[in-house]
């Protein structure tokens, strides 16, 4: 499951199981063609380029369709070493931010909203983003739990990062089950819920289930 989650190719698996994701185009390591040629295959006016293995916005670039030449050199260097991905930029990230759902043992615990600083699109606090408590609706909670249920097996802990589509529905931008920030300080009771989930997971291991 760690191998599955380490590369963002897992987004295709979620999509195949009915979980909405941002429009995404994968470029395999060593692929021929310039960034401009790959961009021409997609109908999007504004895009995100990043590696399929990435954290804290590592090598994440936002650009417009006609600006791909400014990233040609870095794209060539990156794609020679690793798989890359293009995504349609979601402008809701600038106005609504990103919502993070924390799920323990397949059940929702708490949520936060992450907002980028003015003039930026990256919501991580490393780039000046801020975090605030968020009270999701029952429908949003069900969405997060459904996404976690699509993992190869139900993880003890998971973080579902989601963005809003222009029609108001949610899309999974990332499903983090490898050492994610769980924002437990925003909901202290989650510590006991997490501990219980770990105990139940250990019991399943011991029983061979």
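FYI, it's all coordinate maths here, none of it is from the lab. This is a predicted model, so every value here is computed, not measured. Neighbour counts are summed over all protein chains in view; Cβ atoms, including those assigned to glycine, are modelled from backbone coordinates with ideal geometry.
Filter the range 143-195 for residues that are assigned to a helix (DSSP H, G or I) and touching a helix residue (DSSP H, G or I) at 6+ places or on another chain (Cβ under 8 Å) and give the result.
Of everything in the range 143-195, those that are assigned to a helix (DSSP H, G or I) and touching a helix residue (DSSP H, G or I) at 6+ places or on another chain (Cβ under 8 Å) turn out to be 147, 184, 190, 191, 194.
Picking from 49, 86, 11, which residue would you name as being in contact (Cβ under 8 Å) with a residue 40 or more places away in the chain, closer than 18 Å to residue 163 by Cα and touching a helix residue (DSSP H, G or I) at 6+ places or on another chain (Cβ under 8 Å)?
On the way: 49 fails: in contact (Cβ under 8 Å) with a residue 40 or more places away in the chain; 11 fails: touching a helix residue (DSSP H, G or I) at 6+ places or on another chain (Cβ under 8 Å).
Sole residue among the options that is in contact (Cβ under 8 Å) with a residue 40 or more places away in the chain, closer than 18 Å to residue 163 by Cα and touching a helix residue (DSSP H, G or I) at 6+ places or on another chain (Cβ under 8 Å): 86.
Please pick out the residue among 22, 136, 51 that is in contact with a strand residue (DSSP E or B) (Cβ under 9 Å, 6 or more places away or on another chain) and within 23 Å of residue 184 (Cα to Cα).
136
Failed condition for residue 133, given (1) surrounded by fewer than 17 Cβ atoms within 10 Å (Cβ to Cβ); (2) closer than 23 Å to residue 17 by Cα; (3) without any contact (Cβ under 8 Å) to a residue 60 or more places away in the chain, with all others met?
The number of the failed condition is (2).
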